[in-house]
1. If you look at just the Cα atoms of the range A:434-572, how large are its Rg and its Dmax in Å?
2. Taking only C-alpha pairs under 8 Å that are 6+ residues apart, what is the relative contact order of the range B:5-102 in percent?
3. Would you work out the relative contact order for the range A:434-572, in percent, from Cα pairs under 8 angstrom that are 6 or more residues apart?
4. Among the listed pairs A:Lys42/B:Lys73; A:Lys140/A:Lys340; A:Lys44/A:Lys107; A:Lys44/A:Lys181, which are separated by more than 19 Å between their Cα atoms?
5. Any chance you could get the radius of gyration and Dmax over the Cα atoms of the range A:500-598, in Å?
6. Quick check of the Kirkwood formula: for the range A:64-166, what is the inverse mean of 1/r over all pairs of different Cα atoms, in Å?
7. Given 0.36 nm per residue, what is the gain on full extension from A:Arg534 to A:Ala67 after removing their alpha carbon distance, in nm?
8. Go ahead and run the numbers for FRET between A:Asp546 and A:Glu3, Cβ-Cβ distance against an R0 of 51 Å, rounding to 0.05.
Amino acid sequence: MAEALYDRDITCDVLVVGSEGSGGQAAVNAARAGLDVLIASKGKMSRCGASQMAGADFNLDGRSAIALGLPGDDRDSPQRFCEDLVREGFHLGNQRMVEKYVEYAAKNTADLLEWGMPVYRFEQVHAEEMARGLITSGVKWVRILRRKVREMGIRVLEDTMVVDLLSGEGRACGAVALDLKSGEIVLIRARAVVLCTGGWQQAYHFNSAAADLTGDGQAMAFRAGAEMIGMEMVQYIPATMLWPPMARKSILPYIMMETEAGPFVQLLNSEGERFMQRYDPTTMEQSTKEIVAIAGELEVEEGRGSPHGGVYFALKHLTPEGIDFVWGKFKGFLDENRDKRSEFRKLLPRLLEMAKTEDLEVGNAVHFMVGGIRVNERTETGIPGLYAAGECSGGLWGSVRVASATTQVGAQGRIAGEACPAYINGVEHIEPDKDQLEAIRERIRAPLRRTEGVPPIEFLERMHGVTDEYLRVIREGEGLESAYDELSWMRRDEAARLYVSTSKTKRLNFEWQLCLELENMLLCLEMSTLASLRREESRGGFYRRDFPHTDNDRWCVNTVISNRDGEPSLRLEDPVVTSIPLPAGRMTFEEAVASGTASLKRGEVER
Amino acid sequence: MSHPTINVRCFRYDPETDPAPRFQDYRVPLVEGEMSVQDCLNHIREQLDPGLAYCMNCRLGFCQRCILKVNGKVVLACETAVEGDIVVEPVNASEVIRDLWCEST
Ligand SMILES: Cc1cc2nc3c(=O)[nH]c(=O)nc-3n(C[C@H](O)[C@H](O)[C@H](O)COP(=O)(O)OP(=O)(O)OC[C@H]3O[C@@H](n4cnc5c(N)ncnc54)[C@H](O)[C@@H]3O)c2cc1C
Ligand code: FES
């Protein structure tokens, strides 16, 4: 008897892939319009993805803030916020998307406040010149979304990995998923699909994000024919814990540098030198993230790094009482807001205790994906019925994220949820064709069936070897070419040999899941490398040692990657402009950073 | 430089194929600096036995999906430092799906 194409099937109006900041909002908004919504999440709702880990700060312009009863600044306006975002993103951002971001930032915040999200503070964030940041907790945010999803009776499939999208008559018509607990293949029929799958941070050895972020959404969208934009733009966080293992990947040192404790922090190299004085003598450690990250990497390259490849975060010059004072400030904030986040309550006091006697090893971690699935201001991907919202999408920020991602994901989630009803009206379910289902089933089952080949852990280590060596903050042509050759060879030739090398069980088989994720991470890395190679300049968070200038005359353009017979094919495209003209001229990276960075750092505070 | 090695005794059980749960011992080298129970499990999965099933997501105490019994006490694996030998079990052995992962994980 022929093997079944799937083990179970489910039908819904809208499939939302990913359950967190963007997915939760998309689902709630589609359901508000009376649609039958199904969420599929690789993890458990409110316990996965990047959203739970966010600080979190939600941005909105001063006037909209005042309208919501928050202490906003009335000199501010939506237009002014847009201008800042476009300028600080070095003009690659899609201005229509930026306008929508600002408009929906307020709507998303209104939703969250109505649903009970606490407000800890309203203050200046992201070096903005005016207070535009509502400070809350990521954990509380995602729990509030979960409660709302439950209240509305939205169905959620947890621990379920969507593997590929289905299309028919040129439209998205569902997806095929793997139930990780049972190993069953699930066919999901949907009239529209919203991808809310987050980034691909796990493709990099040293990253700050959660384990489920492996670029599945970007890769499946690409396979389905959608385009990617700005894939070379990867945001690193300097001052992420490298060592000891238990604290590894925590961004607490960086968070501290952003608070009142910031001016007390020194970054040292292995010779005990405050190396920032050679890179940015005026602002030192308080320079921009990008400059601090580049400086740290240069120190490591020149042999002045720490044993695990970073630099030192030092507070030792403060007295122990001074360090206790810093902790007291944090603790006061946590107590006041009854915030129980373990990273703050447990890890932070331990790190501060350590910092009294030794310097902490910190490094540049991959943190946020600026580029992703190309969408327009309505979150449409170009494939009818396929939407992408949140961090998996690209085009909003341009070359560096300069404001809140939590706002982005909520705003875009809501936009996507609102777009579904109008689209779905008149669209019937399409029965997926057998060949498509069979090809996906084979892709899923192959690594389990193979009895020899490359074990996924070995493959992962090799892939991380490539990212560690070539896909760092500082990039250059030769290294990028080596990375590209290696990654594209791994994807085309080696990935077909991935196999589950130990237990062949279908239930909770880590190796099996990793095999599927590796194909996606590789594809994202390859596209990111291709775009990095093509961009022969430095801009925002993107730095090429061999092209250190920001070149507005040639490079104020976006990289767009489309799927040509299964292979990534790159073209350049002008940014979408509505009201803010594109700049001209060529300047050094440092000059560009100084001109782009928010007004506070440019010393232009209005009084 | 050689580092002390500890014994990690792990609960193993596949209700579909195993007649009964068993324990498996793994030797895990401690590195200099604090290591968590989760670091030990990761070492096992990456270097010794990729077949071991357990859950983790954020590594930093947010998701609470790494909840386990360590030396008889219910803890979060990513938050719990390791000093010597440990015995690792699922929080609820009666509802195990596989190894350290149970229905309520
Ligand atoms: C440590 C940390 C701190 C941060 N702090 C801040 C901050 O203070 N302010 C700020 O603005 N931003 C911050 N960010 C960034 C911000 O949190 C994220 O960009 C944002 O939350 C992403 O939301 P999302 O909904 O797009 O994706 P995520 O929250 O990452 O959710 C992705 C979802 O997709 C699911 N998924 C993935 N693949 C599949 C698949 N194949 N099938 C089914 N489901 C899948 C995941 O399981 C998850 O449910 C931080 C990020 C990190 C990592
Ligand atoms: S892995 Fe998330 S709490 Fe331990």
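1. Calculated on Cα positions, Rg and Dmax stand at 17.7, 57 Å.
2. Value for the range B:5-102: 34 percent.
3. Once divided by the residue count of the range A:434-572, the mean separation gives 25 percent.
4. Over 19 Å apart, Cα to Cα: A:Lys42/B:Lys73; A:Lys44/A:Lys107.
5. Using the Cα atoms of the range A:500-598, the pair Rg, Dmax is 19.5, 60 Å.
6. 16.0
7. So the chain would gain 163.7 nm between A:Arg534 and A:Ala67.
8. Rounded to the nearest 0.05, the efficiency is 0.50.
Values quoted throughout were computed directly from the atomic coordinates according to the rules given, and no laboratory measurement underlies them. Just so it is clear, the model here is predicted, and its values are computed rather than measured. Backbone-built Cβ (ideal geometry, glycine too); neighbour counts: all protein chains shown.
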